[in-house]
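Peer 1: Below: one structure in structure tokens.
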Amino acid sequence: MTKKLDLEGARPPRRLPVSLSLGHGIVAPDFYFQCTPPTKTSDFTMSTSKLRGQELELCFWTTWSEASLAELRARASASPREDGPRTILVNDGEDPELAARFLKQHGLVFEHTATDPRRGLSRRYGISCWPTVVRLDAEGRVAAARFGLEHAHAGRPGTCGATHEPRPAGA
């Protein structure tokens with residue numbers, strides 16, 4: 001016999017707040033990433049520390065997130081600005097070959113890509129919402145973060161879809 005649930009007066013599910021585990025102004029962890037287009041005979045890698053002096057945007061994404069695909073498409077169609085931040089895509093928790101096939105299947109080509117199949121980097125940043133975009137200033141310090149798509153959940157800080165400055169260090 002199946003018990004019927006009484007949903008009278010039930011509350012909608014709560015949105016859990018999201019935030020980075022790194023505070024505003026904290027130097028972000030250094031990591032290596034691939035510059036494209038790599039060839040079968042050459043693999044050009046670079047680290048974030050070698051890009052000090054430039055603003056960076058780290059875009060954490062997954063293949064299963066429709067919001068991630070929308071973010072990637074928007075970034076691919078945008079004209080890069082000479083004075084704008086350099087984007088590094090970070091595939092979060094998936095097989096690198098799957099991520100590469102996904103980008104190719106959708107006709108998405110980016111200059112800088114990184115994979116994080118074991119989520120080590122993502123855990124250090126505290127990523128739990130996709131896409132998440134982390135802006136680093138020219139000194140490599142966390143300047144801001146955006147969780148989800150830019151237009152989603154506007155005005156709701158701390159939820160997936162919000163833009164905010166991470167909490168100050170030590171807060």
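Peer 1: Calculate, for residue 86 and residue 66, the FRET efficiency according to 1/(1 + (r/R0)^6) with r their C-beta to C-beta distance and R0 41 Å; round to the nearest 0.05.
Peer 2: Given R0 = 41 Å and the Cβ-Cβ separation, E is 0.95.
Peer 1: Within 11 Å, Cβ to Cβ, of residue 68, how many net charges do the neighbouring residues add up to if Lys/Arg are +1 and Asp/Glu are -1?
Peer 2: -2
Peer 1: In nm, to one decimal, how far is the residue 118 label point from the residue 73 one, both placed 7 Å along Cα→Cβ?
Peer 2: It is 3.5 nm.
Peer 1: How many nm separate the modelled label positions at residue 46 and residue 109, each set 7 Å beyond the Cα in the direction of the Cβ?
Peer 2: If labels sit at residue 46 and residue 109, their model points lie 1.7 nm apart.
Peer 1: Right, here's the next one. Could you give the length gained on full extension between residue 54 and residue 98, defined as 0.36 nm per residue of separation minus the Cα-Cα distance, in nm?
Peer 2: 12.9 nm is the gain from fully extending residue 54 to residue 98.
Peer 1: Less than 14 Å Cβ to Cβ from residue 107, Lys/Arg counted +1 and Asp/Glu -1: what total charge do the surrounding residues give?
Peer 2: Taking every other residue near residue 107 into account, the sum is +4.
Peer 1: Still on this structure, I have one more. Starting from the Cα coordinates of the stretch 94-135, work out the convex hull volume and express it per residue in Å³.
Peer 2: Hull volume normalised by residue count: 87 Å³.
Laboratory data are not the source of any read-out in this text; all were calculated from the coordinates shown. Bear in mind the structure is a predicted one, so any value in this text is a computation, not a measurement. Methodologically, a virtual Cβ is constructed for each residue, glycine included, from the backbone with ideal geometry; neighbour enumeration extends over all protein chains shown.
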